[in-house]
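The values are calculated or read from the model by the stated rules, or taken from the named source; none is laboratory data. Everything numeric here is computed off the predicted structure, so don't read it as measured data. Positions of Cβ are generated from backbone atoms using ideal geometry, with glycine treated the same way; all protein chains shown enter the neighbour counts.
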Amino acid sequence: MRTRRPQTEYVASPLDSVGDHPALNFINTLHMVGSELTDAWQSDEDVATWIVGEGLRDTLPSTTWPGGALLGKARKLREIARKAVEARKAKKTLPLDELNGFLEHSVSHCVLTAKLRSNLNFERVYGQKTIEQYLAPVAESVGELLSHADFDLIRHCEGEQCVLWFYDRTKAHRRRWCSPQTCGNRAKVAAFRARARPS
């Protein structure tokens, strides 16, 4: 796996939201760049910034953990999620114990706040004393996908080397590519060249 130079801040990528579901976007943080499998995360800060950017948390961690600990746990959860999605798609028995191991650390409560006198906001607030608690909204997103999604519409991109997943929410449900600008365009170019090749 290619390792990028360490960076101080996660850089958003156009690939961040192609999954059309937070759990799939989570899995898709491991993707192909050229012909190399590349991890979008190289630091704890990358993971935390991605979680906030995905809308799974409002803030970065308020607790400091040993360097690399959040990154390691997030990568472990991502691998658990990937295997579970692949198993669910293939209609095989799902490996639930490891995911449940993350879910059991979820600590949350609801809070009612008033932004204005007539505008009340009701939201769930998650604990974040431990890394598992900080990752709880991510694990819950994976659990929600596995239990509620229509897996006929959960698809793997048809790009030759692509490893990305997506939830096909298009009206006709004929989506084939992670993105029409990347894999879709490459497929069109390849098809055009094949047709133009002399017989």
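Observations on the model:
- Tallying residues that are farther than 17 Å from Ser147 by Cα, of a type in the set (Lys, Arg) and surrounded by fewer than 19 Cβ atoms within 10 Å (Cβ to Cβ) within the stretch 59-99 yields 2.
- Count of the stretch 24-39 residues which are farther than 22 Å from Gln128 by Cβ and without any contact (Cβ under 8 Å) to a residue 60 or more places away in the chain: 5
Condition check ((1) over 19 Å from Trp165 (Cα atoms); (2) touching a strand residue (DSSP E or B) at 6+ places or on another chain (Cβ under 8 Å)) across all residues:
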{"site": "His31", "(1), (2)": "no, yes"}
{"site": "Thr59", "(1), (2)": "yes, no"}
{"site": "Ser62", "(1), (2)": "yes, no"}
{"site": "Arg82", "(1), (2)": "no, yes"}
{"site": "Leu112", "(1), (2)": "yes, yes"}
{"site": "Val125", "(1), (2)": "yes, yes"}
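- Residue that is modelled with the lowest pLDDT, among those in the stretch 113-132 that are under 30 Å from Ala74 (Cα atoms) and of a type in the set (S, T, N, Q): Asn121
- Filtered residues of the stretch 113-150 (kept if assigned to a helix (DSSP H, G or I), touching a residue at least 60 places away in the same chain (Cβ under 8 Å) and surrounded by fewer than 18 Cβ atoms within 10 Å (Cβ to Cβ)): Glu144
- Filtering the stretch 43-58 to residues that are assigned to a loop (DSSP other than H, G, I, E, B) and either modelled with pLDDT of 95 or more or within 12 Å of the chain's Cα centre (by Cα) (or both) leaves Ser43, Glu54, Gly55, Leu56.
- Selection count where residues are in a loop (DSSP other than H, G, I, E, B) and either closer than 29 Å to Leu153 by Cα or touching a Phe, Trp or Tyr at 6+ places or on another chain (Cβ under 7 Å) (or both), scope the stretch 59-105: 9
- Residue match in the stretch 64-84 (condition: out of contact with any helix residue (DSSP H, G or I) (no Cβ under 9 Å at 6 or more places or on another chain), among the basic types (Lys, Arg) and modelled with pLDDT of 95 or more): no
- Scanning the stretch 103-112 for residues being surrounded by 10 or more Cβ atoms within 10 Å (Cβ to Cβ), among the hydrophobic types (A, V, I, L, M, F, W, C) and modelled with pLDDT under 95 gives a total of 2.
- Residue count for the stretch 29-47 satisfying the condition of being more than 14 Å from Asp16 (Cα to Cα) and buried (at least 16 other Cβ atoms within 10 Å of the Cβ): 4.
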